[in-house]
Every structure is written in C-alpha cells, then in structure tokens.
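One structure is given below, encoded as structure tokens.
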Amino acid sequence: MAITDRHGLPVACSIASASPHETKLVEATVGQRFTRAKPERMIGDRAYDSDGLDQQLRRRHHIRLIAPHNPTRRRRTQDGRELRRYCRRWKIERLFAWLHNFRRLVTRWEYHELNFLAMVQLGCLVILLRHL
C-alpha cells in the first residue's frame, strides 16, 4: 500500500500479506506516513467504495475519500465533481513503476517482512531525494 502527494511522490507506504482486503489496510498506511500533515483527499479505485471506509477516514482522520461507484452497490456515493480528480490516479501507478526500478522490490526475496519494508522505505527515500 502506498499514498502519494499530488506530484506522485511517496507520502506513506506499508506492506501486508495478500489476504486482507485493501480497505482494511488504509488506516494503517495513513498512520505510517512520512509527513506530519494528513492528506485532505484520497483517491482510490472501485474497491475503496465502501461506506465503512468513507466514514472511518472522515471521522478519524478528516480525509475525503474519492472512489468511483462500485456497480454492486445500490446507492451512489460520488458525484461527477469529485470524480474529476480520479483521472489523476495515474500518479500512484507511476510511483509503483518508479519502485520497480529497484530489483529487490520487484520480487520479494527477503524472508522477514521488516527487511522488505525497510527496502520499500529506502526506495521511497531515493525517489524523494531524486525529486528535490
């Protein structure tokens, strides 16, 4: 999981097993951010369109969640004005492409998860230093 700013630079990153759904990992990722300031808005894909996650982020962290409408839901939660920001979601994909320049992050070779998290954080640090 990763969170970027509006320029595509990393703000937070975390790792977890593939079992839990992404919506369960959002709060932990927000808690592991590199900056003091919390993001005002977060853009996610259709999997993030849930009332529970939206209320949790708004109540605990004062973050507005922007996600396109999930077709399995009956009630619409986003309008067109907020969804205009969704077209900027390519910036998080660009961060993952930058992280794939580090061979140790493409395939997880580390046995211990803390070692892999350290490598991800080191990759984020290198990306931040390159763009200063």
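FYI, it's all coordinate maths here, none of it is from the lab. Not measured: the values here are computed from a predicted model. Cβ placement follows ideal geometry from the backbone for every residue including glycine, while neighbour counts extend to all protein chains displayed.
Considering only Val30, Val106, Val11, the Gaussian network model of the chain with Cα springs below 10 Å gives its largest mean-square fluctuation to Val106. Based on DSSP H segments of at least four residues, each scored -39500 (n - 2.57), the chain has a per-residue ellipticity at 222 nm of -9500 deg cm²/dmol.
Ranked for footprinting exposure by Cβ neighbours inside 10 Å, fewest first, Tyr48, Tyr111 give Tyr111, Tyr48.
Residues whose amide H lies under 5 Å from that of Val11, counting only those 5 or more places away or on a different chain, are Ile3, Thr4, Asp5; hydrogens are built 1.01 Å from N in the peptide plane.
Across every pair of different alpha-carbon atoms, what Kirkwood hydrodynamic radius in Å does region 1-53 reach? Mind dumping the intermediate values first?
Working: mean 1/r = 0.0847 Å⁻¹.
Across region 1-53, the inverse of the average 1/r is 11.8 Å.
Out of every Cα pair in the chain, what percent are spaced more than 27 Å from each other? Of the Cα pairs, 21 percent sit more than 27 Å apart. Compared with the dominant principal axis of the Cα atoms in the chain, helix 90-99 is inclined by about 20°. Of Thr107, Thr23, the sequence from fewest to most neighbouring Cβ atoms within 10 angstrom is Thr107, Thr23.
Among the trypsin sites (Lys or Arg not before Pro) found in region 37-108, those both in a DSSP coil and sparsely packed, with 15 or fewer other Cβ atoms within 10 Å of their Cβ, are Arg73, Arg74, Arg75, Arg76, Arg108.
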